[in-house]
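The values are calculated or read from the model by the stated rules, or taken from the named source; none is laboratory data. Fair warning: this is a prediction, and the values are worked out from it, not measured in the lab. Positions of Cβ are generated from backbone atoms using ideal geometry, with glycine treated the same way; all protein chains shown enter the neighbour counts. Only protein heavy atoms, including side chains, enter the accessible area calculation; ligands, DNA and RNA are left aside. Shrake-Rupley method; radii C 1.70, N 1.55, O 1.52, S 1.80 Å.
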Amino acid sequence: VRLYNTTSGVARADDDGLALLGTAHPDVAALLGDHDIDPSTAPVRGRVALDDVELISPVTHGGRVFLVGANYRDHIEEAGLAMPKRVGGLPLPSGILSGPVDDIRLPAEAPNEVDYEGEIAILIGQPGHEIAPGDGWNHIAGLCAANDVSARDVQHSGMADGRVTDIARVRLGKSFPSFKPIGPCILTIDEARSYPRLSLSTRVNGEVRQSATTDDMVFDLSAIVEGMSMATDLRPGDLILTGTPAGIGLTTGRFLQAGDVVEVTVSGIGTLRNQVVAPVEPH
Ligand code: MG
């Protein structure tokens, strides 16, 4: 099932468009965290065409965000990083997620090295701590696309030789407003697992910059959840960004500029399409 969050409420995709659900959940994460309701059969109160609604972030209320780095072999190579032995995740402030068509605004403080990271994000549906190997799947509600937008100059002012020296700077570089668009829907994990693999690509102004599949991951989606649960009590509504493949702007020096359009596509889920806009002029 593909579940969308719109300005008219939570909706389920079907053959003809979107079925607006008659439940009172404020976002898709809340719907999927309510285990008394099956989203594939939840009552419908109206219908709309996908083109006639405004899509917003499928996760708008609470929930924590964790960033996993170094999880695609080609990116680890490109960045000169060591092959990770275990899963680690950087926690971000909550409330920073934005929607699948929202603008990415260059920060006035750091507009020159803003970069994309196309990623697959995991939405947690079942709480868990120290989850057993292979059992991570049972804690995943669904998946979406994400762009882990990063101001490299700020991020790297908190790093030396690939290691974090000032976590606040690293976190700031990744948490400016509008830096975490997700969506366009949540694909429920039962359906996501019916595909042998998912493909992920990032385009800037139509040019493909990143292209990979989940086969290229060091830790698969279940192992990421299991690994994160060793240090954290995962809760429904938490979102884990699972790392980016090779092809980031940092490698080529081609950073995002005002007017660029960045698209992140995950097979079976859809495309984030975010325009990059200039910093707000001071008054
Ligand atoms: Mg990332």
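Observations
- Averaging 1/r over every pair of different alpha carbons in the stretch 12-113 and inverting the result gives a Kirkwood radius of 17.4 Å.
- For Gly128, net neighbour charge (Lys/Arg +1, Asp/Glu -1) across residues whose Cβ lies under 14 Å away: -3
- Built amide H within the under 5 Å cut-off of Gly142, gap 5+: Leu123, Ile189
- Across the accessible surface of the chain, with the other protein chains kept in place and a 1.4 Å probe, carbon and sulfur atoms take up 49 percent.
- Backbone N within the stretch 76-109 under 20 Å of label point (7 Å from Asp52 Cα along the Cβ vector): none
- Computed from phi, the 3J(HN,Hα) profile of the stretch 112-127 under the Karplus parametrisation 6.51, -1.76, 1.60 (θ = phi - 60°) reads 9, 10, 7, 10, 9, 9, x, 8, 9, 10, 9, 9, 6, x, 10, x Hz, with x in place of Gly and Pro.
- Nitroxide proxy distance, nm - points 7 Å out along Cα→Cβ at Ala24 and Glu77: 5.5 nm
- Relative contact order (%) - criterion: Cα under 8 Å, at least six apart; region: the stretch 202-283: 32 percent
- Averaging 1/r across all pairs of distinct Cα atoms in the chain and inverting the result yields a Kirkwood radius of 18.9 Å.
- Spin-label model, Arg193 to Arg45: label points 7 Å out along the Cα-to-beta-carbon direction sit 3.2 nm apart.
- Alpha carbon centroid spacing (whole Å) that separates the stretch 192-222 from the stretch 267-281: 18 Å
- Radius ratio Rg over Rh of the stretch 190-283, counting only Cα atoms, Kirkwood formula for Rh: 1.04
- Heavy-atom accessible surface of the chain, averaged per residue, reaches 43 Å², computed with a 1.4 Å probe.
- In Hz, Karplus ³J(HN,Hα) per residue of the stretch 221-233 (6.51, -1.76, 1.60; θ = phi - 60°; x = Gly, Pro): 4, 5, 5, 5, 5, 4, x, 4, 6, 5, 10, 9, 8
- Database remark: amide H of Thr60 closer than 5 angstrom to the amide H of Val28, Ala29 (H placed geometrically; neighbours at sequence offset of 5 or more, or on other chains; Pro and chain starts carry no H).
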